[in-house]
Amino acid sequence: MSTTQSNSPQVPPQMLLYQMGTGHYLSRALGLATKLRIPDHFKHGPRHYQDVAAEIGAHPQSLNRVIRLLASAGIFNEEPGGKFSLTPLGDLLRSDVPGSMRASVLLFAGDMIQASWGELEYCVKTGQPAFRKLSPGANSAFDGMRDPQAAANFDEAMAAFSAQTALALVAAHDFSKYGKLADIGGGNGALLIGILQGTPALKGIVFDQPASAERARKRIADAGLQARCDAVGGDFFKEVPRGAGAYLLKHVIHDWNDDDAVAILKTCHRAMEGTAAKLLLVEGVYPERVDQSLESRGAAFNDVNMLVCTGGRQRSESEFRTLYQQAGFRLTNIVPTAARVCIIEGELA
């Protein structure tokens, strides 16, 4: 056993709590910089903050202070003479780079989710998501996605990790045996496109709301996969396409409470009746006991975000088994992947 001790200074507990309490400072600054597309203005190299302020219509000294805050977190480098440059981390906030995280940060650090988290006390006291208070007439959190720009950004945010996730899924699971894979709630099709590119014999169909399906159709065409893949719009509470060998739902079920989740799975069940088709949920599995690991923190953060924003939840293995049974399925296997999600396999009971 190594006896080497870390030379890193120990942070006093009071300072740790201070850092936790002020974490929203960084989130708000990051969200604003992303909304204003500030990183795009630094794509050609160091710029003076006054020049950027003039281009975006901001108060120069105030913009300088926010950029310096972000520089302290590794998004920018402060250069001599009032100039700043992007770091490799900040570069991912640009809108025109491969692997851009702009849409994801704009969603999670943006006004909609920030406003929902402002109602955390309401959610804890009532057990209801924030939209029940903020938008009393809404049927679900996704009613807010009726705005085309917000809906498109949501799809893009969900697709941010799709290429890596698709590679991890293909490495962990043989999709070729299904013949056709239906991606239910598949957004703009990014995940299914990645799976198809890694599984040449497979065909696919993306199913989501009509506007999302239209965006998926364009993305499928851009990928040259029209002969192997289609996109169909509809409502997964009513009907999903028949004829697939497997039905995949990635990060869909965690958006909904148990009653709604069972209803979605029962819709899939009806489409699968009389076949040997499989059900494949792709989600994180909540550990039975939370510790201070990154896995536990990610699961707990996501779980409370679902409480606040959608009314859904993260689920443990036993909770997934119960959900499957209530919808007429049998959970047969849970396959971990390198993408920190699991493939939760099921079949008709």
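In segment 22-45, what residues are closer than 16 Å to ASN77 by Cα and surrounded by fewer than 16 Cβ atoms within 10 Å (Cβ to Cβ)?
The answer is LYS43, HIS44, GLY45.
If you scan segment 127-169, which residues turn out to be in a helix (DSSP H, G or I) and open to solvent by 70 Å² or more (accessible area, probe 1.4 Å)?
Of segment 127-169, the ones in a helix (DSSP H, G or I) are 131-134, 141-146, 148-158, 162-169.
Residues satisfying the conditions are ARG132, LYS133, LEU134, ARG146, PRO148, GLN149, GLU156, MET158, GLN164, LEU167.
Residue by residue, here is whether (1) in a helix (DSSP H, G or I); (2) open to solvent by 30 Å² or more (accessible area, probe 1.4 Å); (3) touching a Leu at 6+ places or on another chain (Cβ under 6 Å) holds:
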position: LEU307; (1), (2), (3): yes, yes, no
position: GLY311; (1), (2), (3): no, no, no
position: ARG321; (1), (2), (3): yes, yes, yes
position: ASN333; (1), (2), (3): no, yes, no
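Return the residues of segment 219-259 that are in contact (Cβ under 8 Å) with a residue 12 or more places away in the chain, within 16 Å of PHE329 (Cα to Cα) and of a type in the set (D, E, K, R); say none if nothing qualifies. Talk me through it step by step, then tell me what you get.
Of segment 219-259, the ones in contact (Cβ under 8 Å) with a residue 12 or more places away in the chain are 219-220, 223, 225, 228-258.
Now restrict to residues that are within 16 Å of PHE329 (Cα to Cα): 245-249, 253, 258.
The answer is ASP258, and nothing else.
Regarding SER6, is this residue at pLDDT below 95 and small (Gly, Ala, Ser)?
yes
Does segment 214-253 hold any residues that are of a type in the set (Phe, Trp, Tyr) and in contact with a Leu (Cβ under 9 Å, 6 or more places away or on another chain), and which are they?
PHE236, TYR247
Any idea which residue in segment 170-179 is nearest to the chain's Cα centre (by Cα), counting only those that are touching a residue at least 60 places away in the same chain (Cβ under 8 Å) and open to solvent by 50 Å² or more (accessible area, probe 1.4 Å)?
If we take residues in segment 170-179 being touching a residue at least 60 places away in the same chain (Cβ under 8 Å) and open to solvent by 50 Å² or more (accessible area, probe 1.4 Å), then ALA171 is nearest to the chain's Cα centre (by Cα).
Answer yes if at least one residue in segment 291-299 is within 24 Å of THR165 (Cβ to Cβ), aliphatic (A, V, I, L, M) and open to solvent by 70 Å² or more (accessible area, probe 1.4 Å), and no otherwise.
Scanning segment 291-299 turns up at least one residue that is within 24 Å of THR165 (Cβ to Cβ), aliphatic (A, V, I, L, M) and open to solvent by 70 Å² or more (accessible area, probe 1.4 Å).
Here's a check for you: in segment 80-101, which residue that is part of a strand (DSSP E or B) and among the hydrophobic types (A, V, I, L, M, F, W, C) is least open to solvent (accessible area, probe 1.4 Å)?
Top of the filtered list is PHE84.
For segment 68-79, which positions are surrounded by fewer than 20 Cβ atoms within 10 Å (Cβ to Cβ) and not in a loop (DSSP other than H, G, I, E, B)?
Our first condition is that a residue be surrounded by fewer than 20 Cβ atoms within 10 Å (Cβ to Cβ); within segment 68-79, this holds for 68-69, 71-74, 77-79.
ARG68, LEU69, ALA71, SER72, ASN77, GLU78, listed by residue number.
Report the residue count in segment 24-81 for those that are in contact (Cβ under 8 Å) with a residue 12 or more places away in the chain, under 26 Å from LEU107 (Cβ atoms) and of a type in the set (Ser, Thr, Tyr).
The qualifying residues number 3.
The values are calculated or read from the model by the stated rules, or taken from the named source; none is laboratory data. Everything numeric in this text was worked out from a predicted model, so none of it was measured. Heads up, the Cβs are rebuilt from the backbone with ideal geometry, glycines too, and the neighbour counts pull from every protein chain shown. Quick note on the areas: whole protein, heavy atoms, side chains included, nothing else; ligands and nucleic acids left out. Shrake-Rupley method; radii C 1.70, N 1.55, O 1.52, S 1.80 Å.
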